[in-house]
Amino acid sequence: PRRVVSALQPTGALHVGNYFGAVRRCVRLQRRGEPLVLFVADLHAHTAPQDPAELQRRSLETAAYLLASGVDAERGVLFLQSAVPAHARLCWLLACLATQARLAHLPQYRERAAGGDAPLGLLLYPVLQAADVLVYRATHVPVGADQLQHLQLTAQLVRTFHHRFGRLFPTPAPLLPDDGSDRIRSLRDPSKKMSKSDSDPKSRILLSDGDDLIRLKIQKAVTDFTPEVSFDPAARPGVSNLVTLHSLAADKLPEEALEEARGLSTAQYKRVVADALCGALRPVRERAQALLARPALLHELLRHGAARARALADPVYAEVAARAGLAPA
Ligand code: AQP
C-alpha cells in the first residue's frame with residue numbers, strides 16, 4: 001500500500017515557502033486519496049538551541065496552521081514527533097548502520113556546521129529523517145530538490161538494513177513538484193531560499209501576516225532594474241520569484257501569471273502578486289486563529305493523532321527489534 005510521510009519543524013512561524021512547498025502539497029496529495037502521515041518535527045528542532053516553552057507554543061501553532069491549511073487529521077494522521085518513541089528508537093539502530101564520514105559529507109550538514117564543533121544531533125539529523133519515514137514503511141516522500149541527498153541516504157540505509165537483517169522496508173520514492181513550489185526565494189536576497197531562520201523578517205511572508213504586512217513585504221521585495229516583468233529564474237531571480245508566488249497563490253500556470261503582468265511595471269505587478277497572496281492566505285490565517293483560540297481541542301487532536309501514529313509505528317519497530325535481536329519495546 002502507498003503511504004506518504006512528511007513533516008515540518010516548529011523552528012519558527014511558517015512562511016509561504018513552507019506553505020506552497022510543503023503544506024499545500026500535502027493537503028493536495030491527501031485530497032487525491034493518498035494516505036498521509038504528517039507530524040511536527042519537534043525532535044529535529046532541538047538540533048538548534050530551543051527555549052522549552054517557546055518550542056511547545058510553536059509546535060501547537062504549527063499543528064494549527066497545518067489543520068487550517070486543510071490537512072484532514074481524521075483521514076490522515078497528525079501528531080508531534082516526540083510523542084511517538086519509535087522514531088528515536090529506530091534512529092539509534094539506523095545510526096549504527098550509517099558512517100560518520102558519509103553523514104559529515106552531506107551538503108546541508110557542512111553548511112550548518114560550517115566547520116565548527118556542531119552538536120551530534122545535527123550530524124544525525126538525516127538519520128532521524130530516515131527513521132521518520134521508515135517507521136511508517138513510507139512509499140513516497142514529498143521533498144524539495146535540496147532534500148534529495150537525504151532521501152538517497154535513506155535508500156542506502158534501507159539497503160544496509162536489508163543486507164544485515166533481511167527485507168523489511170520499501171525504498172521511499174521522492175515526490176518532486178514541477179511548479180517551482182520547492183524553491184521560493186528570500187524577498188530580500190533572491191539568491192537565498194526563503195527561510196524561517198533568516199535574520200531579516202522582511203525576507204519572508206508568514207502565514208500569520210495580515211494583508212497590510214503582506215503588501216508591505218511584497219512592495220519592498222528586491223527585484224532588478226529591468227522595467228517589465230519576465231520569468232527567468234537564473235538571470236532575474238527576484239522578479240521570477242514574484243511570478244512563482246503569484247502563480248502558486250492564484251493557482252495559475254507561470255505563463256498565465258506572466259500574461260497578467262503584460263504591460264505592467266514591476267511596481268504595478270507587485271500589487272497583483274500581493275492581492276493574490278492576500279486572497280490565498282487570508283482564509284488559512286483566519287482558520288488558524290480560530291483553532292489557536294482553542295488549545296485544549298488542539299492538544300486533544302494531537303494526542304489522538306499520536307495514539308494512531310503509535311499504532312502504525314510500534315509494530316514496525318517491534319519487527320525491527322526482533323530482526324536485530326533486541327527486546328520488542
Ligand atoms: N524557501 C522554500 N521554498 C519552498 N519550500 C520550502 N521549504 C522550506 N523552505 C522552503 C519546505 O518546507 C518544509 C519545511 O521543512 P522544515 O520545517 O524542516 O524547514 P527547512 O526545510 O529547514 O526550511 P525553513 O523553513 O527555512 O526552516 P529553517 O530556517 O529552520 O531551516 C520542507 O518540506 C521544505 O522543503
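The values are calculated or read from the model by the stated rules, or taken from the named source; none is laboratory data. This one's a predicted model, so the numbers in the text were calculated from it and none came from an experiment. Using ideal geometry, Cβ is built from the backbone for each residue, glycine included, and neighbour counts are taken over all protein chains shown.
Restricted to the range 41-56, and to residues there that are buried (at least 19 other Cβ atoms within 10 Å of the Cβ) and within 9 Å of the ligand (Cβ to nearest atom), the residue that is nearest to the chain's Cα centre (by Cα) is Ala41.
Looking across the range 106-141, the residues that are of a type in the set (S, T, N, Q) and not in a loop (DSSP other than H, G, I, E, B) come down to Gln108, Gln129.
Scanning the range 1-40 for residues that are more than 8 Å from the ligand (Cβ to nearest atom), part of a helix (DSSP H, G or I) and free of Cβ contacts under 8 Å to residues at least 60 places away in the same chain turns up Val27, Arg28, Gln30, Arg31. Within the range 126-149, the set of residues being farther than 13 Å from Leu97 by Cβ and buried (at least 21 other Cβ atoms within 10 Å of the Cβ) comprises Leu128, Gln129, Asp132, Val133, Val135, Tyr136, Ala138, Val141, Pro142, Val143.
Taking the condition in contact with a Phe, Trp or Tyr (Cβ under 8 Å, 6 or more places away or on another chain), away from the ligand (no atom under 16 Å from the Cβ) and in the same structural domain as Leu29 (by TED's automatic domain parsing), does Leu120 pass? Judged against the criteria, Leu120 is not a match.
If you scan the range 280-299, which residues turn out to be within 22 Å of the chain's Cα centre (by Cα) and within 24 Å of Arg215 (Cα to Cα)? Show your work before the answer.
Taking the range 280-299 first, the residues within 22 Å of the chain's Cα centre (by Cα) are 280-289, 291-292, 298-299.
Listed by number, the residues that qualify are Ala280, Leu281, Arg282, Pro283, Val284, Arg285, Glu286, Arg287, Ala288, Gln289.
The one condition from (1) surrounded by fewer than 21 Cβ atoms within 10 Å (Cβ to Cβ); (2) among the aliphatic types (A, V, I, L, M); (3) within 12 Å of the ligand (Cβ to nearest atom) that Leu187 does not meet is (1).
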